[in-house]
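**Student:** Mind having a look at this structure? Questions to follow.
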């Protein structure tokens, strides 16, 4: 059954990828989607079976991948509670996104390719979460990276999509470099990369050190930080976050699946999976907390002023990932995973809802050209509102349980650590900003004056969008088809109820029974208990921030819509700073991209062109042609020349024979 | 004391050909018609009978008969089988061409059988006299076939050039033989080896060089190759196919046998000679072919290059090396016959054409033929997994194992340069604008081309028979 979960999407990928042209669009869609739903159903069975009932742990080995000296790598499926949680997150969102894409992509000309990529992504993600060793995890890690690259650049005729795809790939490479180094270091320390072996060896390595760059490093800290570097890349954490907003160039279902619910959480999953290692290094956990806190704050500030509906949600994702890392960093691995779990529902919901809005407005993504839509697409509006409530942590919604728990955890850990306290402050402020930008999105999109119709007609005068909409009026926003709405309903239920239903198992009284050995906590780590023993005001702080954010957004975008422009005019520097995302792209361009191009051009023109090509291929080719001419000219056609050549050769050989003999005797 | 029966049993294939060819001469003379009639078929049957006699021979039976002049061993069997296959396929392919040109004379099959008989005697020669007998029997028949098309100036020129230069080389060979006899007092290879021991004197070295020069001429290795391009281009195409295939087997076989059985004590000297010739041939074959636009001339340089590669194995001086040579020659034979089947298929409106540009756009006009030629070209250039790669692999491996690194590296580089002109043909066939379509080739030509190309492509599926045969043949020489 476990194999079926993982390999059915692969089957779908192969069918749609290899036979998509032959099968046609619709059969490809149906096959991949149906396989995903089967996989999803099996995942839920697994979750109930492994997570909620007996919780037996298993890691069946499928095949030996490679054995080289000490290094032995197997293909195997590690099934424990953590995996089963990830399985349901991945397959549920993926199945719903498949279904949604049938409606969303209905105008696209290469749908089999799209569905093949989606299934490929799902397969890789499942390989990642079921891995029983670092190498298989890396395989899945790179697999999702590849699928992400392919899907961001799905509309490859758009230069911006290509650039975004490349950017995502390159930035991830930085993180993957760290991941590889971390993997090598773990192998060096333990002689294995199988989880069971390295987890067993981890406590013994807590105080070991390795010598590198002339310094002694704590082995565990170094390994964890290197591995965390990989997590930072994949999960778009501060400094390596720049690719995520650009990744919104991909189709919206892709953003929902990959860049909100699943792939970007791979880093969170990885840290949780490797909790036995991270528990051995307080330093590494502090870094995780700090990075998470900064990301949560930073991304929220940028989200305040973005105008592209998907970018706002993208920065929100970035920010929420920061929350998860803070949860992990303070030792509450369950907190991070719980937020991952609930976040998958409401963030996928927000993205798919945004997709529905974009669909309704014929691929308009700028919120400044929206407004007043709530009466046109009321169902979408309702779903988006549910998503927003969950994201901002409205009581009893999913985000309320998971996000507030992280904030409380951070405060509890703040008792022994200044960094955790700093993270707590950042998170609380970020919670207020989250509320503000989320409601701003809702108000700008659904309320206020309608700004879309004129622009729409201006933008698409002859309506030549390659758009096949004989079933609705030109320019009139319309509710999306049923295939797109059903996923929204399902996710809405998740966004409302996932927190309440599962809080007991994930972070409450039954947590120990639930997670068993899949998450490791050291003997001094009591974060799940300490977070209940905090002052009452801490529990109310996020709620207060949420209400504050809501009120400010309401005021600025509904009551007095002139205020934002006035504010931006009053603080132009700050506004520009935020609008340009703290100038990170420009900074990276100056520090890395430009010099890299310069260096590349130097090697290309100077090194390769002037030296290697001239002396190498080009030069050799020219000499070969000369040689060929010379060799051909030897063949004069005159028989006396031929005889002469023979005699000359004979004489040379004879001479050589005599001399070699003289030397020999 | 051997009996005549025993000797005749050992030489059964040669006996079959000798008696058969006399009968053919008589039939041809008394038939009273100049055309070939059934002669081609008779010749094929004769050669086929000889091949069967070799294949069905009790394995492991070997012996030296006819007063030490004739040796019957696995090595000989292997090379004779190759030579016979070359002759048979040539005859099968030749008929249509000669009939089309109006030169289907009955002498051609007879000459081929005679030449083949000479080759087999040459391969089995165990002494200088037998060597010369076989060589001349083969060569004289070949001179005539080169000039078979008497009314064609180019063919006549080719025949004459071949004859004059061949005479020169025979002279050198004979002079070398006489020197060897003078300094060792022996004509049998074993006797020579025993007489010179480990310290060859200058007379022996002279003899060795002269003798090897004569053989090098037949192998067409640099600098004794000069006749090759002209003769290949001038002679009728089936004759060229014959030159490129069967006689090469015999010449390489006897060169191998001579240096391993007669000069084991002069390894250092002959190794240097062979290395020099090998490098020169590989280089010339690679470079000179680039400028050719006539495909027969290109094949001439290609065969010079391939002989150079075969000599790489010879230069190694080990059993592995001999195995590599045998293997190389077998693969070379199949590729060459396939390539000439393709060249013979190049006819437009009944007229043969032989420019490379005539192949332009063949992919559009005759897709299977283009594919097969492409496969052969890829194999000739030595790209895995085609058989041509394994041929080169074995000889280079032998050279590396014998510490001849420079030779192996030069070989690989030359092979890279040579790939250019093979791949250019592919480029011409697939990317250039279509030239006039060829006539539909005969079934024989299509079959030879297809079998050759497919066997090169799929060789790796079941390589054991050829490898084992080459292995046991190489062992019998040591």
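The values are calculated or read from the model by the stated rules, or taken from the named source; none is laboratory data. All of these numbers come straight from a predicted model, not from anything done at the bench. Cβ coordinates were reconstructed from backbone atoms using ideal geometry, including for glycine residues, and neighbour counts include every protein chain displayed.
**Student:** How many residues does region B:149-162 hold that are in a helix (DSSP H, G or I) and more than 19 Å from the chain's Cα centre (by Cα)?
**Tutor:** Residues in region B:149-162 being in a helix (DSSP H, G or I) and more than 19 Å from the chain's Cα centre (by Cα): 7 in total.
**Student:** Next question, about the same structure. Based on what the data block shows, is residue B:284 modelled with pLDDT of 95 or more and either farther than 14 Å from residue B:212 by Cα or surrounded by fewer than 24 Cβ atoms within 10 Å (Cβ to Cβ) (or both)?
**Tutor:** Criteria not met by residue B:284.
**Student:** Which numbered condition in (1) surrounded by fewer than 16 Cβ atoms within 10 Å (Cβ to Cβ); (2) within 24 Å of the chain's Cα centre (by Cα); (3) farther than 22 Å from residue B:99 by Cβ is the only one that residue B:17 fails?
**Tutor:** Here residue B:17 clears every test but (1).
**Student:** Turning to a different aspect of this structure: Among the residues of region A:630-651, count how many are more than 8 Å from chain B (Cβ to nearest Cβ) and more than 17 Å from residue B:175 (Cβ to Cβ).
**Tutor:** 5
**Student:** Test residue A:621 against the criterion of being surrounded by 11 or more Cβ atoms within 10 Å (Cβ to Cβ), at the interface with another protein chain (Cβ under 10 Å from one of its Cβ atoms), modelled with pLDDT under 85 and within 60 Å of the chain's Cα centre (by Cα), and give yes or no. Outline the logic, then answer.
**Tutor:** On the way: surrounded by 11 or more Cβ atoms within 10 Å (Cβ to Cβ): yes; at the interface with another protein chain (Cβ under 10 Å from one of its Cβ atoms): yes; modelled with pLDDT under 85: yes; within 60 Å of the chain's Cα centre (by Cα): yes.
So residue A:621 fits the description; yes.
**Student:** From the list A:34, A:63, which one is more than 24 Å from the chain's Cα centre (by Cα) and part of a helix (DSSP H, G or I)?
**Tutor:** A:34
**Student:** Let me ask another. Among the listed residues A:432, A:414, A:399, A:418, identify the single one that is closer than 19 Å to residue A:548 by Cβ and modelled with pLDDT under 90.
**Tutor:** Within the list A:432, A:414, A:399, A:418, the selection yields A:399.
**Student:** Criterion first (more than 14 Å from every other protein chain (Cβ to nearest Cβ) and either more than 20 Å from residue B:71 (Cα to Cα) or at pLDDT below 95 (or both)) does residue B:223 satisfy it?
**Tutor:** So residue B:223 does not fit the description; no.
**Student:** From B:239, B:164, B:231, grab the single residue that is surrounded by fewer than 24 Cβ atoms within 10 Å (Cβ to Cβ) and touching a helix residue (DSSP H, G or I) at 6+ places or on another chain (Cβ under 9 Å).
**Tutor:** B:164
**Student:** Within region A:157-255, considering only helices (runs of 4 or more DSSP H) that don't extend past its boundaries, which have at least 1 residues that are within 16 Å of the chain's Cα centre (by Cα)?
**Tutor:** It comes to A:159-190, A:219-234, A:243-246.
**Student:** Something else about it: Need the failing condition index for residue B:210 against (1) under 26 Å from residue B:143 (Cβ atoms); (2) more than 9 Å from every other protein chain (Cβ to nearest Cβ); (3) free of Cβ contacts under 8 Å to residues at least 60 places away in the same chain, just the number.
**Tutor:** Result: residue B:210 passes all but (2).
**Student:** So which residues in region A:374-397 are more than 13 Å from residue A:492 (Cα to Cα) and surrounded by fewer than 23 Cβ atoms within 10 Å (Cβ to Cβ)?
**Tutor:** Of region A:374-397, the ones more than 13 Å from residue A:492 (Cα to Cα) are A:374-378, A:392-396.
A:374, A:375, A:376, A:378, A:394, A:395, A:396 - these are the residues of region A:374-397 that are more than 13 Å from residue A:492 (Cα to Cα) and surrounded by fewer than 23 Cβ atoms within 10 Å (Cβ to Cβ).
**Student:** Can you tell me which residue in region A:88-141 is surrounded by the fewest Cβ atoms within 10 Å (Cβ to Cβ), limited to those that are assigned to a helix (DSSP H, G or I) and touching a strand residue (DSSP E or B) at 6+ places or on another chain (Cβ under 8 Å)?
**Tutor:** A:135
**Student:** Continuing with the same structure: Does any residue of region B:149-157 turn out to be touching a helix residue (DSSP H, G or I) at 6+ places or on another chain (Cβ under 6 Å), within 14 Å of chain A (Cβ to nearest Cβ) and surrounded by fewer than 20 Cβ atoms within 10 Å (Cβ to Cβ)? Outline the logic, then answer.
**Tutor:** We begin by selecting, within region B:149-157, every residue touching a helix residue (DSSP H, G or I) at 6+ places or on another chain (Cβ under 6 Å); these are B:149, B:154-155, B:157.
When the remaining residues are screened for being within 14 Å of chain A (Cβ to nearest Cβ), the result is B:154, B:157.
After this cut, where a residue has to be surrounded by fewer than 20 Cβ atoms within 10 Å (Cβ to Cβ) as well, the list is B:154, B:157.
Within region B:149-157 (the criterion being touching a helix residue (DSSP H, G or I) at 6+ places or on another chain (Cβ under 6 Å), within 14 Å of chain A (Cβ to nearest Cβ) and surrounded by fewer than 20 Cβ atoms within 10 Å (Cβ to Cβ)), the answer is yes, since at least one residue qualifies.
**Student:** Touching a residue at least 24 places away in the same chain (Cβ under 8 Å), within 27 Å of residue B:380 (Cα to Cα) and either more than 10 Å from chain A (Cβ to nearest Cβ) or within 16 Å of the chain's Cα centre (by Cα) (or both): does that describe residue B:239? Walk me through it before giving the result.
**Tutor:** Values: touching a residue at least 24 places away in the same chain (Cβ under 8 Å): yes; within 27 Å of residue B:380 (Cα to Cα): yes; either more than 10 Å from chain A (Cβ to nearest Cβ) or within 16 Å of the chain's Cα centre (by Cα) (or both): yes.
Yes: the conditions hold for residue B:239.
**Student:** Here are B:409, B:348, B:353, B:417: which of them is in contact with a strand residue (DSSP E or B) (Cβ under 9 Å, 6 or more places away or on another chain) and over 28 Å from residue B:465 (Cα atoms)?
**Tutor:** After applying the criteria, what remains is B:353.
**Student:** Moving on. For residue A:657, state whether it is within 10 Å of another protein chain (Cβ to nearest Cβ) and either touching a strand residue (DSSP E or B) at 6+ places or on another chain (Cβ under 9 Å) or on the phi > 0 side of the Ramachandran plot (or both).
**Tutor:** No; evaluated as a whole, the condition is false for this residue.
**Student:** Output the number of residues of region B:264-292 satisfying the condition of being within 12 Å of chain A (Cβ to nearest Cβ) and more than 20 Å from the chain's Cα centre (by Cα).
**Tutor:** Residues that pass the stated criteria total 15.
**Student:** Got a number for residues in region B:192-205 being in contact (Cβ under 8 Å) with a residue 24 or more places away in the chain and away from chain A (no Cβ under 14 Å)?
**Tutor:** 2
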